[in-house]
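Data block below; observations after.
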Amino acid sequence: MADEERISWVTVVSCGLGMLAFVGLVLMRLIGGTAVAEQNYSMPMIACMAVMMVPILAAKIWTGTRNQDKEDGPDERDREIARHGDQARYQVLLATCVPLLSMAFSGAEHFWIAAAVFAGLGTSFIVGAGVQIGGYRRGVPAW
Amino acid sequence: MVNRGRLGNSIRGLRATAGGMTQAELGAMVGVTRQTIIAIEQGKYSPSLETAFLIAGALKHPLTEVFTYEYATPLGAGN
């Protein structure tokens, strides 16, 4: 398995866990009787973002160090697969903008706007990494 | 309409005739990873034209012997 594919798997798992952790925290508080509007969501959200990002950064640093030793970094196939993943991630982010703007225009609570941004970011990372894994497993579209 | 076909190759056989060159050795010669050579051999990745030429050069065979292209429909049949 290529190092970049490993990073994609780390991205899928850590982003999935981070998003699940945030939903779990909010649900626990809701069950505890704290309404969504009264919840202090910023710190839990930042903590969950850290849960999502730290493993990805660690994996990238680890593979970067390994490749430096081996003088064997990403090649043209890795870069092409990464480009497909970036395109997918960008499209998900763009698609997230429409509901976000609608929520802002309609005066939705800050919590829901922040949650939608968080969900959009997490989903875009998962979809992008999923496309990359698909590229490594099933192949890349031809010339 | 684009006559999209399938890119084939005979890298595996030519490696064997080139003294049993490994995928890693070929990859090192052309500047790609072993996984990329595997993906090219399995038809899961179409290399860039430059890499295709480098592979052909490393195997000491003309490009057209290393890579083949099967058109979806015969050339000239309404294309």
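Residue-by-condition table, conditions (1) more than 8 Å from chain A (Cβ to nearest Cβ); (2) touching a residue at least 24 places away in the same chain (Cβ under 8 Å); (3) outside any loop (DSSP other than H, G, I, E, B):
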site: B:Arg4; (1), (2), (3): no, yes, no
site: B:Arg12; (1), (2), (3): yes, yes, yes
site: B:Ala16; (1), (2), (3): yes, no, yes
site: B:Glu25; (1), (2), (3): yes, no, yes
site: B:Met29; (1), (2), (3): yes, yes, yes
site: B:Lys44; (1), (2), (3): no, no, no
site: B:Thr51; (1), (2), (3): no, no, yes
site: B:Ile55; (1), (2), (3): yes, yes, yes
site: B:His61; (1), (2), (3): yes, yes, no
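Residues of the range A:15-22 include at least one that is without any contact (Cβ under 8 Å) to a residue 12 or more places away in the chain and either more than 21 Å from the chain's Cα centre (by Cα) or surrounded by fewer than 18 Cβ atoms within 10 Å (Cβ to Cβ) (or both).
Filtering A:Pro74, A:Pro55 for residues that are assigned to a loop (DSSP other than H, G, I, E, B), out of contact with any His (no Cβ under 8 Å at 6 or more places or on another chain) and in contact (Cβ under 8 Å) with a residue 40 or more places away in the chain leaves a single hit, A:Pro74. Here is a check on your reading of the model: is A:Ala142 more than 13 Å from chain B (Cβ to nearest Cβ) and modelled with pLDDT under 95? For A:Ala142, the condition - more than 13 Å from chain B (Cβ to nearest Cβ) and modelled with pLDDT under 95 - is not met.
Listed here are the residues, each with its yes/no results for (1) open to solvent by less than 70 Å² (accessible area, probe 1.4 Å); (2) closer than 30 Å to B:Arg34 by Cα.
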position: A:Arg6; (1), (2): no, yes
position: A:Gly33; (1), (2): yes, no
position: A:Val36; (1), (2): yes, no
position: A:Arg79; (1), (2): no, yes
position: A:Ala82; (1), (2): yes, yes
position: A:Gly85; (1), (2): yes, yes
position: A:Gln91; (1), (2): no, no
position: A:Met103; (1), (2): yes, no
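The residues of the range B:42-79 that are of a type in the set (D, E, K, R) and surrounded by 12 or more Cβ atoms within 10 Å (Cβ to Cβ), listed by number, are B:Lys44, B:Glu65. Looking only at residues in the range A:105-139 that are within 14 Å of chain B (Cβ to nearest Cβ) and assigned to a helix (DSSP H, G or I), the one that is most open to solvent (accessible area, probe 1.4 Å) is A:Arg138.
The values are calculated or read from the model by the stated rules, or taken from the named source; none is laboratory data. Since the structure is predicted, the reported quantities are computational estimates derived from the model, not experimental observations. FYI the Cβ positions are ideal-geometry reconstructions off the backbone, even for glycines, and counts take in every protein chain you see. Heads up: the accessible areas ignore ligands, DNA and RNA and are worked out on the full protein's heavy atoms, side chains in. Shrake-Rupley method; radii C 1.70, N 1.55, O 1.52, S 1.80 Å.
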